[in-house]
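The structure appears right after this line, and notes come after that.
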Amino acid sequence: MADLVAQTLLEKFPEAVSLAPDFRDEEAVCVTRESIIQVLRFLYSNPDTEYTLLEDICGADYPGREDRFEVVYQLYSLKTGGHVRLKVGLQEEDPTLPTAIGIYKAADWFEREAFDQYGIRFEGHPNLRRVLNHEDFVGHPLRKDYPIKKRQKLTRPTNLGWEEGQSRGNGDGSEQTGEEPEWMTLNIGPAHPTMHGTLRILARLEGETILKAEPEIGYLHRGFEKTSEALTYQQVIPLTDRLNYCSAMMNNVGYCRAVEKLLGIEVSKRVQYIRVIVSELSRIIDHLVCIAANLVDIGALTPYWYCFRERENVYELLEALCGSRLTTSYTRIGGLSHDLPDGWVDKCREYIRDRIPRAIEETETLITKNRIFVDRTSGVGAISADEALNWGFTGPCLRASGVPFDVRKANPYYDYDKFDFDIPVGSNGDTYDRYLVRMEEMRQSLRIIEQALDGLPEGPISVEDRRVSLPEKDAVYTKFGPLVQHTKLIVDGIVPPEGEVYSVTEAANGVLGFYIVSDGTKRPYRIKVRPPCFAIFQALPQLVEGSMIADLIAIVGSLNIIAGELDR
Amino acid sequence: MGIESSRILRNSPFVKPIDAILNWCREYSCWPYAFGTACCAIEFMAVAASHYDISRFGAEVIRFSPRQADLLVVSGTISEKMAPILKKIYDQICEPKWVMAHGACTCSGGIYDNYCTVQGIDTIIPVDVYVPGCPPTPEAFLDGLIKIQKIIEGESIRDPKYCGE
Ligand code: SF4
């Protein structure tokens, strides 16, 4: 099935498509920029494949190559469960290519990001502005010739070209007929409690109804991708904690899994099970924060106390593993930093049997049938399944719209196929459904943890591979071979072969992807994170149009936008 | 509060008791403005929640309007894009005000030293207490809060910051 796509493309577009170097059985083809839209459209609509989910678009810079820039598309087919990567080379003098917005709405912000970071222009894009860096920024920071420490000051808040205050007209400069509604532009955020400190939305209002909204992000852009290019593979792990900091473990797992794929190693069963357990614990606390914060935003403070109490309990478990509550850095490439401490399994059992279910229960009784909550959320911010998919939604937000897509079921990794659990789906795709899906997912996560604890196998917590794992300390002190290996690993770090991989895991917010390019040295050449929130948040204008300001607050909370992974 | 602007009070022999009363009131009723952007803000939420319960220190009235707050808690990385906003918020808080840099990022830029991050908020606004850690534990935050209280305790309406001299 997998090889079919590349072959079909080769037959269909013999002039335009060529095979990319084969690596780790991933499907990748190079496409010329003239035909990229045709190819995307074919992949999207071909009934055999239906690559309906555009997971990512990113740029890459290869100075010295004839085609200096590269634009990489990651597509996924819900029908076949296969990924395909399309790569378009662009020359330095003319880095332009047509936009894919006509096929995938998800392309919107991803293209803006590629423009912002690499200066690649997408012709036909309606709003090709910077998205992560500020508007006064000169140059494109992710280009290899941009010095990593060259900071550029911004002296005034970003202006979106929308005048604040009252006005009349269509707002797009078109001629006025005198019958346009009188509207008012309201700036919300980023220093606003419900905008989580980092999101900004400009809303054009008629009365209290939102006519149009424009989100602005990038207030927490911390240069994850550029920074990681200057580090070794192991050193990147702490940075991944800070992507989605509500569930740091899952980023650790996602990143390490990608590098392990790059290296072609498989971790032991014990490591896999422990990773499953910590991931699911993280999913629970992530959902707890999301639900708690969403409820606080719309005025229900009490559940916050209940949810955070249980979160503390889970923190206790995580702290026992790695000494830290939030920024865990627990996984290592090829394994874990420590094995489970004594008594951890029993403690974990106790928590997942008694404490966490109690918190879920309490929130459920307080909220699920609460008249005010239901009135404020049901039917609010609804999105249909097709639309959600087209915008690149994944995770609970997509499942709330009724699409039962979950990487853990669709492309199982780490024995997820052996666990018995269900994928909750909603039917309306509204704020209330998103809440319900999250509640049920926590229960399912508890089931998975329970089974993983029962089946937890014995075994090493690090792979036996000289390229990645440190030898035993005793041996380092007494034998020459291990001493050399130890020194080499510490000084040189892990050196994967040349190649590129894209690996996805199901994080709390949806599909978390890592696209890693290795040039055969100890530092990653390019790391691109596919953050689930990024795709979701760009659909906000569509979600809020026509609703009230108070609804906007409820909607933003239910999308669970974590700025760390949104802005990276 | 306005008391400070009274020259008569400042020069009167009752400065000591007035200071004592004012500082006592201010110290145990800090109203924090949570300028939370990133991971540290999650820990701030934990401090505010039931387990660590910031209200034991009289600082549970968390405001999101600079005009109603006197303790600016900056939690989380500040990017160049965010910097002007932080400055604006700081300027909008009325005197007397105190600033806590919560977390390594706000103290020094933390693990981020690149094209888009501010290397410590003290390059933008004055800071009273630095709380190190990435993120600082809730206990460290509370320790920082106590340090702020100690600073308040030592203030006087004769300080240049109040009389503007
Ligand atoms: S100090 Fe650490 S935990 Fe706090 S915001 Fe910075 S990176 Fe996040």
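At a glance:
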{"item": "Förster radius 30 Å - calculated FRET efficiency between A:D354 and B:D122 (Cβ-Cβ, nearest 0.05)", "result": "0.05"}
{"item": "Accessible-area value, B:I18, 1.4 Å probe, nucleic acids and ligands omitted, Å²", "result": "40"}
{"item": "Relative packing of peptides A:496-503, A:480-487, B:56-63 - highest average C-beta neighbours within 10 Å first", "result": "A:496-503, B:56-63, A:480-487"}
{"item": "Karplus-derived 3J(HN,Hα), 6.51/-1.76/1.60, for each residue of the stretch A:508-518, Hz, glycine and proline x", "result": "4, 9, x, 6, 9, x, 10, 10, 10, 10, 10"}
{"item": "Helix-only [θ]222 nm of the protein assembly as shown, DSSP H runs n ≥ 4, -39500 (n - 2.57) each, per residue, nearest 500", "result": "-11500 deg cm²/dmol"}
{"item": "Helix B:39-48 axis, angle to chain B major axis (alpha carbon atoms, nearest 10°)", "result": "50"}
{"item": "Cα-based shape type of the stretch A:391-433, given that a ≥ b ≥ c are square roots of the gyration tensor eigenvalues and the cut on a/c is 1.5", "result": "prolate"}
{"item": "Between the stretch A:191-238 and the stretch A:307-356, the alpha-carbon center distance in angstrom", "result": "29"}
{"item": "Rounded to 10°, Cα long-axis angle of helix B:138-153 versus longest principal axis of chain B", "result": "20"}
{"item": "Relative contact order (%) - criterion: Cα under 8 Å, at least six apart; region: the stretch B:29-165", "result": "23"}
{"item": "Contact order normalised by residue count of the stretch A:418-469, Cα under 8 Å, 6+ apart, percent", "result": "35"}
{"item": "Cα principal axis extents for the stretch B:77-165, largest first, Å", "result": "42, 30, 16"}
{"item": "Cα principal axis extents for the stretch B:1-95, largest first, Å", "result": "48, 34, 16"}
{"item": "Convex hull of chain A built on C-alpha atoms - directionally averaged projected area, nm²", "result": "27.5"}
{"item": "Rounded to 5, the percent of DSSP beta bridges in chain A classed as antiparallel", "result": "90"}
{"item": "Whole-Hz ³J(HN,Hα) from phi, Karplus 6.51 cos²θ - 1.76 cosθ + 1.60, for the stretch A:528-544, glycine and proline x", "result": "10, 9, 9, x, x, 5, 4, 5, 6, 5, 5, 7, 3, x, 5, 5, 9"}
{"item": "Environment charge of A:H486, counting only residues whose C-beta is closer than 12 Å and scoring Lys/Arg +1, Asp/Glu -1", "result": "+1"}
{"item": "Within chain B, percent of DSSP bridges classed antiparallel, to nearest 5", "result": "5"}
{"item": "The stretch A:180-245 - Rg (one decimal) and Dmax (whole number), Cα, Å", "result": "17.9, 58"}
{"item": "Spin-label proximity, A:E208 to the stretch A:297-319 - amide N less than 17 Å from point 7 Å beyond Cα toward beta carbon", "result": "A:297-300"}
{"item": "Dimensions (Å) - the stretch A:455-533, Cα atoms, principal axes, largest first", "result": "50, 39, 17"}
{"item": "Kyte-Doolittle at least -0.5, axis length at least 15 Å by Cα - qualifying DSSP helices, chain A", "result": "A:2-12, A:248-263, A:269-297, A:302-322, A:480-492, A:549-559"}
{"item": "Relative compactness, chain B, computed as alpha-carbon Rg over 2.2 N^0.38 Å", "result": "1.07"}
{"item": "P(r) of the stretch A:1-109 over all Cα-Cα pairs, binned every 5 Å from zero, in whole percent", "result": "2, 12, 24, 27, 20, 11, 4, 1"}
{"item": "Length-normalised contact order for chain A - Cα pairs under 8 Å, 6+ apart - percent", "result": "16"}
{"item": "Counted charge near A:P424, where neighbours are those whose Cβ lies closer than 10 Å (Asp, Glu -1; Lys, Arg +1)", "result": "-2"}
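The values are calculated or read from the model by the stated rules, or taken from the named source; none is laboratory data. On a predicted model such as this, the values are computed, not experimentally measured, just so you know. Virtual Cβ from ideal backbone geometry, glycine too; neighbours counted across all protein chains shown. Ligands, DNA and RNA are stripped out before the accessible areas are found, and what is left, the full protein with its side chains, is counted by its heavy atoms. Shrake-Rupley method; radii C 1.70, N 1.55, O 1.52, S 1.80 Å.
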